[in-house]
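Let me begin by presenting the structure, written as structure tokens, before commenting on it.
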Protein chains: 2
Amino acid sequence: MIRIESAEDPRIAPYRAIRERDLVGREGRFIAEGKVVLNVLFSARRFEVESALILESRLSGMAATLALAPAEMPVYVASQEVMDAIAGFHIHRGVLALGRRRDGGGMDALLASLPEDALVVALVGISNHDNVGAIFRNAAAFEADAVLLDASSCDPLYRKAIRVSVGAVLKVPFATAPDETSLFDTLARYGFTQIALSPGGAEEIGDFRRAGRTALYLGTEGEGLPTTLMARMKTMRIAMSDSFDSLNVAAASAIALHRLWRGR
Amino acid sequence: MIRIESAEDPRIAPYRAIRERDLVGREGRFIAEGKVVLNVLFSARRFEVESALILESRLSGMAATLALAPAEMPVYVASQEVMDAIAGFHIHRGVLALGRRRDGGGMDALLASLPEDALVVALVGISNHDNVGAIFRNAAAFEADAVLLDASSCDPLYRKAIRVSVGAVLKVPFATAPDETSLFDTLARYGFTQIALSPGGAEEIGDFRRAGRTALYLGTEGEGLPTTLMARMKTMRIAMSDSFDSLNVAAASAIALHRLWRGR
């Protein structure tokens, strides 16, 4: 437990100006916020944890969570004033940790490790942090085995995506592909049946029965999935009102993943 | 079409300092943003529209939308600089309108007008603007007949709730009750079967069959619905993973409303 008295203390440099940190070279590091997320982080095998930064007034409630962390992890403690000066804005919850991604070997290693009846979610062009976080949360709730993202989708380790996911991005394994063509080709090589969720889909998602490995593609709300990509797979729709046929992509993922859940 | 040259012009006073306007007396007025939302507003019977404020560069793309508005409605046009000065921040989309709610006669009048197989969504304690907006969007997509809110839920006419709903709060009728007890009693008087969605619910929502009028209650993620309220009705759950039993309330509403949709 190390008391921090100044925002300039070099030991807490990675916590400085948190809002800007998503934009510049993070070298695999990320900021996790909140007790629930820290519980997930400290239990996750795919991530290392470098330190925690806790508001002094929150410390007493954090004992059980901090007990999950590696014994050698430094816990920095700061007053509200110092913490806000470090972060660059008012840190309401006062519970932060600095994690680092371990090298997992990329998409091939991830896909090779999945079971024979795996379900993966494939995101193409989902650049909104809230949507990516919300999709991961739904993927965790309905036990998808992995999430794959093309390079134009947002990094799941962005602070806001982690927060919205309530830690699910630290729980559901993910990997990134350079583009949707390599995503499709790699999934095909690993024996995945690939289906696209689209408002104009040919079949009802509720009628689809999983057999073997399945990949569910989700695209942006505006443009949707690229037509050249959809031409290569079965397209599925969620039937809804004719007069308001507009569903947020995270809401659509909730409905589809609930339908595809093997626990059903 | 009226050109506005100064942020101090009294004609655009209701658009000033938009961010703060949700917090103070709005007298039934609200700001709608974006072309899609304005299309819904101009077609809605429950709202009057007082004016529009459009960025000069967006005007040419707005002809079809503005043709839906009342002929006497003033259309104010401003440069990006003037518009940002009016709003108090950078207005990226540049398409705003000022609406006003008509007096609809409250919850009794609304419930009396609903069909015999009506589905209503009842929100208790949902104070987050994004969640309220997202739930309205799902309610519109799956043709709920109305949304009812207790006084502790957020006003659906808050700017961000309207935007997240993509205009659905202007499409799905709503009314507010002082508390959940009067909400329950009023719905009972109008013959509604009332069910509560809760992680610990007794039955699977997918097993519920609508018969007559149905009200689906949703509560906050943290505390959930009040136990005294849940004791008065059937409780329903969405089955999910044991190891990550956490679903956002908007995602839960998507799954439940999709299951309850009469179009299924």
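Among the residues of segment A:67-96, those identified as among the β-branched types (Val, Ile, Thr) and within 15 Å of A:Glu8 (Cα to Cα) are A:Val77, A:Val82, A:Ile86. A:Arg100 meets all of the listed conditions (1) assigned to a strand (DSSP E or B); (2) modelled with pLDDT under 95; (3) farther than 19 Å from A:Leu41 by Cβ but one, namely (3). Scanning segment B:60-90 for residues that are touching a residue at least 60 places away in the same chain (Cβ under 8 Å), surrounded by fewer than 21 Cβ atoms within 10 Å (Cβ to Cβ) and more than 17 Å from B:Met1 (Cβ to Cβ) yields B:Ala85, B:Gly88, B:Phe89. Of all residues in segment B:200-222, those satisfying the criterion of being more than 17 Å from B:Ile135 (Cβ to Cβ) and either part of a strand (DSSP E or B) or open to solvent by 50 Å² or more (accessible area, probe 1.4 Å) (or both) are B:Gly200, B:Ala202, B:Glu203, B:Glu204, B:Asp207, B:Arg209, B:Arg210, B:Ala211, B:Arg213. Within segment A:144-164, one or more residues are surrounded by 19 or more Cβ atoms within 10 Å (Cβ to Cβ), in a loop (DSSP other than H, G, I, E, B) and within 14 Å of another protein chain (Cβ to nearest Cβ).
To keep it simple, each residue is scored yes or no on (1) facing chain B (nearest Cβ under 9 Å); (2) touching an Asp or Glu at 6+ places or on another chain (Cβ under 9 Å).
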| site | (1), (2) |
| --- | --- |
| A:Ala215 | no, no |
| A:Leu225 | no, yes |
| A:Leu229 | no, yes |
| A:Met236 | no, yes |
| A:Ala239 | yes, yes |
| A:Phe244 | yes, yes |
| A:Ala250 | yes, yes |
| A:His258 | yes, no |
| A:Trp261 | yes, yes |
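Annotation note: of B:Leu123, B:Leu114, the sole residue that is closer than 30 Å to B:Gly263 by Cα, out of contact with any Leu (no Cβ under 8 Å at 6 or more places or on another chain) and surrounded by 15 or more Cβ atoms within 10 Å (Cβ to Cβ) is B:Leu114. Kindly indicate the residue of segment B:130-139 that is open to solvent by 10 Å² or more (accessible area, probe 1.4 Å) and over 9 Å from the mean Cα position of the chain (by Cα) and also farthest from the other protein chains (Cβ to nearest Cβ) among those meeting that condition. Out of the qualifying residues, it is B:Asn131. Within segment B:119-128, does at least one residue satisfy the condition of being more than 10 Å from chain A (Cβ to nearest Cβ), small (Gly, Ala, Ser), in a helix (DSSP H, G or I) and out of contact with any strand residue (DSSP E or B) (no Cβ under 7 Å at 6 or more places or on another chain)? Checked against the condition, which is being more than 10 Å from chain A (Cβ to nearest Cβ), small (Gly, Ala, Ser), in a helix (DSSP H, G or I) and out of contact with any strand residue (DSSP E or B) (no Cβ under 7 Å at 6 or more places or on another chain), segment B:119-128 yields no hits at all.
Scanning segment A:14-43 for residues that are at pLDDT 90 or above and among the aliphatic types (A, V, I, L, M) turns up A:Ile31, A:Ala32, A:Val36, A:Val37, A:Leu38, A:Val40, A:Leu41. Of the residues in segment A:177-196, none is in contact with a Leu (Cβ under 9 Å, 6 or more places away or on another chain), modelled with pLDDT under 95 and not in a helix (DSSP H, G or I). May I ask you to verify whether A:Leu68 is under 30 Å from A:Thr176 (Cα atoms) and in a strand (DSSP E or B)? So A:Leu68 fails the test. So, B:Arg93, is that one touching a strand residue (DSSP E or B) at 6+ places or on another chain (Cβ under 8 Å), surrounded by fewer than 16 Cβ atoms within 10 Å (Cβ to Cβ), away from every other protein chain (no Cβ under 14 Å) and not acidic (Asp, Glu) or not? No, not satisfied.
Can you name the residue in segment A:254-264 that is touching a residue at least 40 places away in the same chain (Cβ under 8 Å) and assigned to a loop (DSSP other than H, G, I, E, B) and is also surrounded by the fewest Cβ atoms within 10 Å (Cβ to Cβ) among such residues? Among residues in segment A:254-264 that are touching a residue at least 40 places away in the same chain (Cβ under 8 Å) and assigned to a loop (DSSP other than H, G, I, E, B), the one surrounded by the fewest Cβ atoms within 10 Å (Cβ to Cβ) is A:Gly263. Screening B:Ser57 against (1) free of Cβ contacts under 8 Å to residues at least 60 places away in the same chain; (2) more than 22 Å from B:Ser165 (Cβ to Cβ); (3) crowded, with 17+ Cβ neighbours inside 10 Å leaves a single unmet condition, (3).
Filtered by the rule that a residue be farther than 27 Å from B:Gly222 by Cα, open to solvent by less than 80 Å² (accessible area, probe 1.4 Å) and among the aliphatic types (A, V, I, L, M), segment A:5-48 gives A:Ala7, A:Ile12, A:Ala13, A:Ala17. Looking only at segment A:223-245, which residues are without any contact (Cβ under 8 Å) to a residue 12 or more places away in the chain and assigned to a helix (DSSP H, G or I)? Result: A:Thr227, A:Thr228. Look at A:Ala85 and say whether it is assigned to a helix (DSSP H, G or I) and closer than 20 Å to A:Asn248 by Cβ. Considered against the rule, which asks whether it is assigned to a helix (DSSP H, G or I) and closer than 20 Å to A:Asn248 by Cβ, A:Ala85 comes out as no. Is it the case, given these coordinates, that A:Leu123 is closer than 23 Å to B:Ile255 by Cβ and in contact with an Asp or Glu (Cβ under 8 Å, 6 or more places away or on another chain)? Yes: the conditions hold for A:Leu123.
Residues that are touching a Gly at 6+ places or on another chain (Cβ under 7 Å), in the same structural domain as A:Leu123 (by TED's automatic domain parsing) and not in a loop (DSSP other than H, G, I, E, B) are absent from segment A:246-253.
The values are calculated or read from the model by the stated rules, or taken from the named source; none is laboratory data. The model shown is predicted, which means the values in this text are computed figures rather than measured ones. Virtual Cβ from ideal backbone geometry, glycine too; neighbours counted across all protein chains shown. Heavy atoms of the whole protein, side chains included, go into the accessibility calculation; ligands, DNA and RNA do not. Shrake-Rupley method; radii C 1.70, N 1.55, O 1.52, S 1.80 Å.
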